[in-house]
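Peer 1: Okay, handing you the structure first.
Read-outs throughout are calculated quantities, based only on the coordinates presented, and are distinct from any laboratory measurement. Because the structure is a prediction, the values reported are computed rather than measured. As a convention, Cβ positions derive from the backbone with ideal geometry for all residues, glycine included, and neighbour counts pool all protein chains shown.
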Amino acid sequence: FSIERDDKKAFLWYKSAAEGGDVAAQSKMIYLYTTGRGCEKSYEHAVKWAQKAAEKSDPYAMLCLGYCYEIGRCVEKDVKKAAELYEAVLKTPESKWHSQARESLARVQKLIGTNTKAESHDDIAKAFVKAFIDGNVESLSRLMFDWELHKESVKRELQILGDKYKSKKIGKSK
């Protein structure tokens, strides 16, 4: 005997289980709504289910929700929140999502690095030195606007960096 595939019925069964709190079904709802399988395609509904499943530490849901925050799909764009979600995926035991989370985390960390909004003079100084070392012209040019305000902190950070370099260089020559 064979069972005919019925995406609409499957969707209804998954939805019922998801509404009952089943995290695997909530996670499946993300896929169903993003693909339109058995239902009308809806990123808004997919994000709703991703939020519910992510609250229960579902790695697929956290990965999907992180991406939504990264690009601003159906939520306000927030790359720091995306990074937090990607980091949370890496803390789960379900390793099949780890490589994608690592790639996504690396991607948003680059975004965070080019959009430095440091709070203190010291944070800005560290960001300036990092941008200089990395050759990040965009960050450097943004930070240069505030040079007069932060130059003493930058000088201090550069001195610390120089001291670290000298100690490593001296240590290697022995």
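Peer 1: Explain nothing, just the number: relative contact order of segment 13-111, from Cα pairs under 8 Å at least 6 residues apart, as a whole percent.
Peer 2: 18
Peer 1: Further, regarding this structure: Under the 0.36 nm per residue contour assumption, what length would be gained going from the current alpha-carbon distance of residue 102 and residue 80 to full extension?
Peer 2: 6.5 nm
Peer 1: Also, quick follow-up: A 20 angstrom limit on the alpha carbon distance is what I want to check against. Which of 28/56; 8/28; 56/110 exceed it?
Peer 2: Correct reply: 56/110.
Peer 1: Could you sort the peptides 3-15, 25-37, 75-87 by per-residue average Cβ neighbour count (10 Å cutoff), highest mean leading? Don't skip to the end; give the middle numbers.
Peer 2: Numbers: 3-15: 12.8, 25-37: 20.2, 75-87: 18.3.
Peptide ranking by packing, descending: 25-37, 75-87, 3-15.
Peer 1: Give me the dipole magnitude in Debye, nearest 20, for segment 11-87 about the Cα centre, with unit charges on the beta carbon: positive for Lys and Arg, negative for Asp and Glu.
Peer 2: 200
Peer 1: Okay, moving on. For segment 42-106, what does the alpha-carbon gyration tensor say about shape, rounded, prolate or oblate, given a ≥ b ≥ c as the root eigenvalues, a/c under 1.5 as rounded, and a/b over b/c as prolate?
Peer 2: oblate
Peer 1: Same structure again: Where in segment 56-74 does the label zone of residue 48 land, with the point 7 angstrom along Cα→C-beta and an amide N cut-off under 19 Å?
Peer 2: 56, 61-62, 64-66, 68-69, 73-74
Peer 1: I've got another one for you. Which residues in segment 64-82 place their backbone N less than 20 Å from a point set 7 Å from the Cα of residue 91 along the Cα-to-Cβ direction?
Peer 2: 64-70, 78-82
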